[in-house]
């Protein structure tokens with residue numbers, strides 16, 4: 001019978017934890033590698049809803065993109081949301097594995113997937129990984145749209161690929177875009193690098209108001225589909241990948257997970 005350790009080994013090969021940022025918390029965070037892994041669920045974030053789904057479905061492991069725990073804990077009690085979730089998981093003997101920024105930067109990770117989904121050409125890391133000769137490893141991605149496009153046309157590509165009806169934009173509809181930077185999640189910190197690499201636009205999930213002002217001042221477009229939308233799609237494909245790689249394990253993407261933000 002496959003174990004949590006077997007699943008972790010596949011994930012380590014797919015998105016090596018060495019690729020994670022220094023501040024991150026990745027890998028097997030809860031559970032014993034020797035525990036059986038008959039049923040595995042993927043999700044973007046561990047929430048009361050996704051944990052309840054895992055418990056109800058009798059999952060053995062949750063592969064959650066965002067780590068839990070993320071920061072050091074002094075106590076694990078029901079008094080906090082994190083403590084309550086961890087107690088529920090441990091009581092149900094459900095492990096937690098988080099690939100987070102390792103998955104973001106992997107050759108077939110979220111940023112690469114997003115760049116391909118937007119039909120960018122000549123894709124490469126926005127910030128290449130140090131100490132490696134491999135050209136497809138690093139943080140973020142950049143690529144060319146293939147000729148020139150308007151910001152509005154790139155917006156439509158983003159909406160079509162992510163299956164969303166609206167997003168937020170900095171810049172004019174007819175602004176010319178030829179070189180695009182990609183940074184899933186909360187990637188405003190990549191703006192300076194995008195400008196340095198002569199990008200006309202940065203596609204990221206969310207960023208601060210002041211980063212939006214800086215982008216506007218520098219004439220760089222920003223496309224902000226939301227943190228959830230910019231990453232959630234990848235957990236669907238990750239579930240398919242794990243299902244293919246580990247015979248005998250049932251893997252599915254959370255059916256109950258939703259974006260906590262909605263427009264009214």
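The values are calculated or read from the model by the stated rules, or taken from the named source; none is laboratory data. Since the structure is predicted, the reported quantities are computational estimates derived from the model, not experimental observations. Here the Cβ positions follow ideal geometry from the backbone for every residue, glycine too, while neighbour counts run over all protein chains shown.
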| query | So residue 166 clears everything in (1) outside any strand (DSSP E or B); (2) at pLDDT 95 or above; (3) farther than 26 Å from residue 18 by Cβ except one condition, right? Which one? | reply | (2)
| field | Test for residue 213: is it surrounded by 22 or more Cβ atoms within 10 Å (Cβ to Cβ), outside the structural domain of residue 39 (by TED's automatic domain parsing) and at pLDDT 95 or above | value | no
| note | Looking across region 223-249 at residues that are under 16 Å from residue 97 (Cβ atoms) and over 18 Å from the mean Cα position of the chain (by Cα), the single one that is surrounded by the fewest Cβ atoms within 10 Å (Cβ to Cβ) is 243
| field | Candidate set from region 126-150 (those that are exposed (fewer than 12 other Cβ atoms within 10 Å of the Cβ) and outside any strand (DSSP E or B)); member that is modelled with the lowest pLDDT | value | 133
| message | Condition first: touching a strand residue (DSSP E or B) at 6+ places or on another chain (Cβ under 8 Å) and either assigned to a helix (DSSP H, G or I) or outside the structural domain of residue 193 (by TED's automatic domain parsing) (or both). Now tell me which residues in region 105-125 satisfy that. | response | 105, 110, 111, 112, 114, 115, 116
| field | Counted residues, region 161-179 - those being over 18 Å from the mean Cα position of the chain (by Cα) and in contact (Cβ under 8 Å) with a residue 12 or more places away in the chain | value | 13
| Would you call residue 108 buried (at least 16 other Cβ atoms within 10 Å of the Cβ) and within 15 Å of the chain's Cα centre (by Cα)? | no
